[in-house]
Ligand code: 3PG
């Protein structure tokens, strides 16, 4: 199994996916992998999300994880669907301990120093800075990297093609996450692949 640092270093951008139609799962994953973004975060925000994870796992080269995992029940379902990594919007001791006990790569959300310290007490060093722009943007994360030099981050929330580079310029930022790669509305594989190709070149 890949560790979370390896997953974060695979590509500069992790597409955050909200998939409403399971029929689009495989062509979507194929377009993203072809575009150079193989790490896929399928958020558990739609009824078909677990089925989407199962489908995307069949795509060669895809590294498929579950996002919006906010309870141990979500974690169990995500693992059962074959998730290769787990992203959470936040961090609780219960969820952190369960993820560690399952030995699954885990990227919990943090928003402040206390959150990072709670993660470090659990033995974690890789965090999603969320919601990145609303939390103060690059200056806020830069300030947090001072006391926590060993922590590594994936900022997510409000990140777009025109600001992703500013985040990736921070040494402790290994990748960013964002939903812009797969826009809402009707799925168009050529648009998704083009967005992925552009995003894969950032950084
Ligand atoms: C997430 O869950 O990481 C965010 O909802 C993604 O944020 P974005 O839609 O602003 O990219």
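The values are calculated or read from the model by the stated rules, or taken from the named source; none is laboratory data. For clarity, every value in this text was computed on a predicted model and none was experimentally measured. Here Cβ is always computed from backbone atoms with ideal geometry, including for glycine, and neighbour counts include all displayed protein chains.
Annotations
- Unique residue being in a loop (DSSP other than H, G, I, E, B) and free of Cβ contacts under 8 Å to residues at least 40 places away in the same chain when the list is 144, 124: 124
- Extreme residue, farthest from the ligand (Cβ to nearest atom), among residues of region 118-153 that are closer than 16 Å to residue 8 by Cα and surrounded by fewer than 17 Cβ atoms within 10 Å (Cβ to Cβ): 150
- Scanning region 168-183 for residues that are farther than 11 Å from residue 16 by Cα and either touching a helix residue (DSSP H, G or I) at 6+ places or on another chain (Cβ under 9 Å) or near the ligand (Cβ under 8 Å from one of its atoms) (or both) turns up 169, 170, 171, 172, 173, 174, 175.
- Checking each residue in region 13-24 for being in contact (Cβ under 8 Å) with a residue 24 or more places away in the chain and either surrounded by fewer than 22 Cβ atoms within 10 Å (Cβ to Cβ) or within 15 Å of residue 86 (Cβ to Cβ) (or both) picks out 14, 16, 17, 18, 20, 21, 22, 24.
- Selection status of residue 194, under 18 Å from residue 32 (Cα atoms), part of a helix (DSSP H, G or I) and within 12 Å of the ligand (Cβ to nearest atom): no
- Some residue of region 170-188 being without any contact (Cβ under 8 Å) to a residue 40 or more places away in the chain, on the phi < 0 side of the Ramachandran plot and part of a helix (DSSP H, G or I): no
- Any chance residue 27 is surrounded by fewer than 24 Cβ atoms within 10 Å (Cβ to Cβ) and closer than 24 Å to residue 185 by Cβ: yes
- Qualifying residue in region 71-78 (condition: within 13 Å of the ligand (Cβ to nearest atom), buried (at least 16 other Cβ atoms within 10 Å of the Cβ) and modelled with pLDDT of 95 or more): no
- The set of residues in region 147-167 that are within 22 Å of residue 66 (Cα to Cα), out of contact with any helix residue (DSSP H, G or I) (no Cβ under 9 Å at 6 or more places or on another chain) and either part of a loop (DSSP other than H, G, I, E, B) or modelled with pLDDT under 95 (or both) comprises 157, 160.
- Here residue 109 passes the criteria (1) in contact with a strand residue (DSSP E or B) (Cβ under 8 Å, 6 or more places away or on another chain); (2) more than 16 Å from the ligand (Cβ to nearest atom); (3) under 13 Å from residue 90 (Cα atoms) except the one numbered (2).
- Filter pass, residue 177 being modelled with pLDDT of 95 or more and buried (at least 19 other Cβ atoms within 10 Å of the Cβ): yes
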